[in-house]
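Contents: one structure, followed by commentary.
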Amino acid sequence: RKEVEQDPGPFNVPEGATVAFNCTYSNSASQSFFWYRQDCRKEPKLLMSVYSSGNEDGRFTAQLNRASQYISLLIRDSKLSDSATYLCVVNKRTPLVFGKGTRLSVIA
Amino acid sequence: NAGVTQTPKFQVLKTGQSMTLQCAQDMNHNSMYWYRQDPGMGLRLIYYSASEGTTDKGEVPNGYNVSRLNKREFSLRLESAAPSQTSVYFCASSEAGGLGGYTFGSGTRLTVV
């Protein structure tokens, strides 16, 4: 089983839609979790950390299920500017382990 | 605040040539990393330096060497470039342990012909 697995997509959604990405990780000792965003031909940038209690940042909600070793990212009211690749990231110590990413295209 | 600076941004090498990719961070981070990113492969760790004076191999270290010159700078060297090393290279830095996530440089696009 790969350390971090994501559905590669692409997810093609209309503006205003709600879209959810899922990610599973293999190491139950993992300590910290993140979602990164990567625009085409750019570097990855931290979108949000993922906490055990779940957390929200505007239109973005991240959830963690340690029992199932599962992380999710929900984007509400999608904007054209949300089009990017979203990387699930897990840390059991150093260094971080990156998923291959899920590509999102928001269509007008 | 520059964050993580990588040079050069683009490079074309001939097979067998050598070069050094430079990386510097101004965030006083302890840890630094070199990744390569290829289509369909995601980010793969080449080498990392948990703290000044230490370096460790990552997932794909063959064909590369690194130097942690000081706390700010972490360089990646290709001694004899091969076409398989054509990739986008990203340097990143973090606080010790990476619990706060990484900050990435803007990348170096390397083509080996």
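The values are calculated or read from the model by the stated rules, or taken from the named source; none is laboratory data. Treat the numbers as computed from the prediction; the structure is a model and nothing was measured. Cβ atoms come from the backbone with ideal geometry, glycine included; neighbour counts cover every protein chain shown. Surface accessibility is based on the protein's heavy atoms, side chains included, excluding ligands, DNA and RNA. Shrake-Rupley method; radii C 1.70, N 1.55, O 1.52, S 1.80 Å.
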Quickly run through the stretch B:33-53 and pick out the residues that are within 11 Å of chain A (Cβ to nearest Cβ), out of contact with any Leu (no Cβ under 9 Å at 6 or more places or on another chain) and not acidic (Asp, Glu). B:PRO39, B:GLY40, B:MET41, B:ARG44, B:TYR48, B:SER49, B:ALA50, B:SER51
Set A:PHE11, A:PHE33: member being of a type in the set (Phe, Trp, Tyr) and either in contact (Cβ under 8 Å) with a residue 60 or more places away in the chain or within 23 Å of B:ARG109 (Cα to Cα) (or both): A:PHE11
Restricting to the stretch A:51-86, and then to whatever is of a type in the set (Asp, Glu) and open to solvent by less than 80 Å² (accessible area, probe 1.4 Å), can you tell me which residue is farthest from B:GLY100 (Cα to Cα)? A:ASP77
Lone unmet requirement of (1) open to solvent by 60 Å² or more (accessible area, probe 1.4 Å); (2) closer than 30 Å to B:PHE10 by Cα; (3) within 14 Å of chain B (Cβ to nearest Cβ) for A:MET48: (1)
Where B:ALA92 falls short, out of the listed (1) open to solvent by less than 10 Å² (accessible area, probe 1.4 Å); (2) away from chain A (no Cβ under 14 Å): (2)
With exposed (fewer than 13 other Cβ atoms within 10 Å of the Cβ) and more than 28 Å from A:LYS2 (Cβ to Cβ) as the only criterion, which of B:GLY53, B:GLY40 stands out? B:GLY53
What's the total number of residues in the stretch A:69-101 that are away from chain B (no Cβ under 11 Å) and part of a strand (DSSP E or B)? 8
Kindly state which strands (runs of 3 or more DSSP E) lie completely within the stretch B:41-109 and contain at least 2 residues that are modelled with pLDDT under 95 and touching a Cys at 6+ places or on another chain (Cβ under 6 Å). none
Check off (1) under 25 Å from B:PRO39 (Cα atoms); (2) assigned to a strand (DSSP E or B); (3) without any contact (Cβ under 8 Å) to a residue 60 or more places away in the chain for A:THR61 and give me the number that stays unchecked. (1)
